[in-house]
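Beneath this line is the structure, given in structure tokens, with notes to follow.
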Amino acid sequence: MTLFPADFLWGGALAANQAEGAYLADGKGLSTSDVLPQGVFGPIVERVAGDNGLKDQAIDFYHRYPEDIALFAEMGFSCLRVSIAWSRIFPQGDEDEPNEAGLAFYDRLFDEMTKHGIQPLVTLSHFEMPYALTQRYGGWASRQTIAFFEHYARTVFTRYRDKVKYWLTFNEINMALHAPFTGVGLPPDSDKQAVYQALHHQLVASARSVTACHELIPDARIGNMLLGGVRYPLTCRPEDVQEALRQNRTWQFFGDVQARGAYPAYMRRFFREAGIELDIRASDRKDLRATVDFISFSYYMSGCASADPSLAEQAGGTLGMVPNPHLPSSEWGWQIDPQGLRYLLNLLYDRYQKPLFIVENGLGARDEVTPDGRIHDPYRIQYFNDHLIQVAEALDDGVEILGYTSWGPIDLVSASKAEMSKRYGFIHVDLDDQGHGSLERRRKDSFYWYRDVIRSRGQTLKPAG
Ligand code: BG6
């Protein structure tokens with residue numbers, strides 16, 4: 001069994017809107033996530049004074065982070081991925097001056113991590129933006145949002161330049177194709193023309209923040225973040241192979257722009273056939289040349305692509321993948337494919353020749369607390385074991401991998417349905433879907449298992465078989 005490199009970053013990943021709670025504390029403005037109480041695909045619900053939902057408190061990471069970080073340190077984390085809530089720093093999004101109380105919170109958070117030897121990996125925008133920007137400017141439909149975002153990025157780079165050396169721009173940037181309000185602040189029923197134009201602005205903003213990061217923190221590294229929705233051809237029929245290539249390009253397009261610095265040639269035909277005409281200026285093309293230092297991605301599942309229209313119609317889930325008959329599924333219908341992670345790592349490395357970072361991976365499952373207060377989660381241990389074995393295989397294949405942060409190392413509110421029942425953590429949080437519970441933290445069996453994997457640099461993993 002290959003030992004993981006000594007400098008491999010081990011840890012977990014969180015997002016502000018799914019963990020922090022404290023949704024109006026210390027001057028924070030409403031974010032787009034705050035008006036989606038039913039999750040990223042749910043309806044936009046206007047807030048009324050005194051209303052209260054699960055996400056508003058979430059797991060109260062805002063106040064409990066010292067306890068949580070101590071638990072992460074106990075597992076041996078060398079890295080923790082968090083996001084900054086843009087609306088804590090610029091409550092309306094278009095202010096000149098930042099909100100000092102919001103900045104001070106992240107100072108405390110990063111200091112706490114540093115105290116425990118944990119590197120922060122910070123996402124600038126994880127499924128949220130100041131809600132006011134969508135009201136006043138139409139979100140990313142407006143070019144002005146590029147400047148607002150750059151101002152925010154420069155503000156946090158300057159403030160945390162000595163504390164944060166790993167940054168990510170937009171979480172799962174390709175997700176906007178499936179959830180336009182969450183991704184780019186557009187109405188859910190927006191057409192492709194509007195979504196791709198908004199995404200163009202976001203890609204320019206991403207590139208401009210890469211430039212700003214290099215300028216302000218020369219020893220930092222900044223990456224993009226893709227939802228690695230890899231598809232296999234359902235059969236070896238050439239039509240299915242062609243269809244898989246086409247579908248994979250729908251997400252690879254973002255990596256191609258962010259890692260290669262220009263729109264890939266195949267998009268010309270796509271835009272022409274879809275009747276999309278983008279306003280891309282010469283200065284945009286220049287900005288886009290600033291490419292990321294590494295590629296990060298989430299990986300939960302793979303799926304299949306078929307050219308057969310009747311099968312394509314039945315394709316399930318958010319991503320419209322045809323199910324793979326050879327793979328089991330989680331209770332939420334996500335197909336479990338550890339080898340897909342090795343495949344994706346090789347695919348991305350061959351394509352970009354840049355270091356990779358797995359910044360989300362994990363199993364959403366229901367957990368039961370036994371009468372003695374323990375949580376036995378062998379299914380989660382199995383999932384992680386099998387995926388980490390494939391990471392080791394990819395390392396052996398020669399893929400350069402900076403680290404691995406599991407999704408939700410502590411239970412948090414799920415993004416798609418805004419529920420607590422779908423748990424990812426090594427640490428259990430006493431909180432139900434209605435927001436009831438003591439918020440007490442408990443170590444699951446997987447907590448000790450992950451600690452041993454990290455401590456042994458992968459030696460305790462059980463080979464596939
Ligand atoms: C990714 C997101 O899409 O998947 C996370 O970046 C999200 O925010 C994760 O939580 C898992 O999805 P879910 O819906 O199970 O929470």
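Points worth noting:
- Checked against the criterion of being among the β-branched types (Val, Ile, Thr), touching a residue at least 12 places away in the same chain (Cβ under 8 Å) and either within 16 Å of the ligand (Cβ to nearest atom) or surrounded by fewer than 19 Cβ atoms within 10 Å (Cβ to Cβ) (or both), the candidates Val292, Val241, Val257, Val230 yield just one match: Val230.
- Residue within the stretch 385-396 that is within 24 Å of the chain's Cα centre (by Cα) and in a loop (DSSP other than H, G, I, E, B) present: no
- Scanning the stretch 76-92 for any residue that is farther than 21 Å from Leu168 by Cα and touching a His at 6+ places or on another chain (Cβ under 8 Å) turns up nothing.
- Evaluation of Ser125 against (1) away from the ligand (no atom under 16 Å from the Cβ); (2) polar (S, T, N, Q); (3) within 19 Å of the chain's Cα centre (by Cα) (one fails), failing number: (1)
- Residue check for Ile410: in contact with a Leu (Cβ under 9 Å, 6 or more places away or on another chain), surrounded by 15 or more Cβ atoms within 10 Å (Cβ to Cβ) and more than 11 Å from Leu54 (Cα to Cα): yes
- Residue pairs whose Cβ atoms lie under 7 Å apart, separated by 6 or more positions or on different chains, with the first residue in the stretch 369-380 and closer than 15 Å to Ile410 by Cα and of a type in the set (A, V, I, L, M) and the second in a helix (DSSP H, G or I) and modelled with pLDDT of 95 or more, are Ile375/Asp445.
- If the condition is being within 16 Å of the ligand (Cβ to nearest atom) and either assigned to a helix (DSSP H, G or I) or not aromatic (Phe, Trp, Tyr) (or both), then the stretch 146-174 contributes Leu168, Thr169, Asn171, Glu172, Ile173, Asn174.
- The stretch 124-145, residues that are assigned to a helix (DSSP H, G or I) and either under 18 Å from Leu203 (Cβ atoms) or not aliphatic (A, V, I, L, M) (or both): Tyr131, Leu133, Thr134, Gln135, Arg136, Tyr137, Gly139, Trp140, Ala141, Gln144, Thr145
- Residues of the stretch 209-216 include none that is within 16 Å of the ligand (Cβ to nearest atom), among the polar types (S, T, N, Q) and out of contact with any strand residue (DSSP E or B) (no Cβ under 8 Å at 6 or more places or on another chain).
- Some residue of the stretch 447-459 being within 20 Å of the chain's Cα centre (by Cα) and surrounded by 15 or more Cβ atoms within 10 Å (Cβ to Cβ): no
- Scanning the stretch 247-293 for residues that are outside any helix (DSSP H, G or I) and either in contact with a His (Cβ under 9 Å, 6 or more places away or on another chain) or within 14 Å of Tyr196 (Cβ to Cβ) (or both) yields Tyr263, Pro264, Gly275, Ile276, Glu277, Leu278, Asp279, Ile280, Ala290, Asp293.
- Screening Leu412 against (1) over 17 Å from Gly11 (Cβ atoms); (2) in a loop (DSSP other than H, G, I, E, B); (3) touching a helix residue (DSSP H, G or I) at 6+ places or on another chain (Cβ under 6 Å) leaves a single unmet condition, (1).
- First in the stretch 1-20 and part of a helix (DSSP H, G or I), second anywhere and of a type in the set (Phe, Trp, Tyr), Cβ under 6 Å, 6 or more apart: Ala19/Phe61
- Exclusive hit being surrounded by fewer than 20 Cβ atoms within 10 Å (Cβ to Cβ), small (Gly, Ala, Ser) and under 25 Å from Gly223 (Cβ atoms), set Ser438, Ser416, Ser421: Ser416
- Among the residues examined, Ala418 qualifies as within 16 Å of the ligand (Cβ to nearest atom), more than 15 Å from the chain's Cα centre (by Cα) and modelled with pLDDT of 95 or more.
- The conditions of being in a helix (DSSP H, G or I) and modelled with pLDDT of 95 or more are met by Gly102.
- So Ser406, is it hydroxyl-bearing (Ser, Thr, Tyr), within 16 Å of the ligand (Cβ to nearest atom) and not in a strand (DSSP E or B): no
- From Asp430, Asp396, residue being over 24 Å from Asn52 (Cα atoms) and more than 15 Å from the ligand (Cβ to nearest atom): Asp396
- Residues in the stretch 334-353 that are surrounded by fewer than 20 Cβ atoms within 10 Å (Cβ to Cβ) and either of a type outside the set (Phe, Trp, Tyr) or in contact with a Cys (Cβ under 7 Å, 6 or more places away or on another chain) (or both): 7 in all.
- Count of the stretch 378-393 residues which are farther than 23 Å from Gln353 by Cβ and away from the ligand (no atom under 16 Å from the Cβ): 7
- Residues that are within 16 Å of the ligand (Cβ to nearest atom), buried (at least 18 other Cβ atoms within 10 Å of the Cβ), among the hydroxyl-bearing types (Ser, Thr, Tyr) and in a loop (DSSP other than H, G, I, E, B), drawn from the stretch 295-333: Tyr299, Tyr300, Ser302
- One residue stands out in the stretch 246-269 among those that are of a type in the set (A, V, I, L, M, F, W, C) and within 26 Å of the chain's Cα centre (by Cα): the one that is farthest from Tyr352 (Cα to Cα), namely Met267.
- Boolean, Glu20 is among the acidic types (Asp, Glu) and within 16 Å of the ligand (Cβ to nearest atom): yes
- Residue that is farthest from the ligand (Cβ to nearest atom) [pool: residues in the stretch 28-87 that are under 22 Å from Ser416 (Cα atoms) and aromatic (Phe, Trp, Tyr)]: Tyr62
The values are calculated or read from the model by the stated rules, or taken from the named source; none is laboratory data. These numbers come from a predicted model, not from an experiment. All Cβ positions, even for glycine, are placed from backbone atoms using ideal geometry, and neighbour counts span all protein chains on display.
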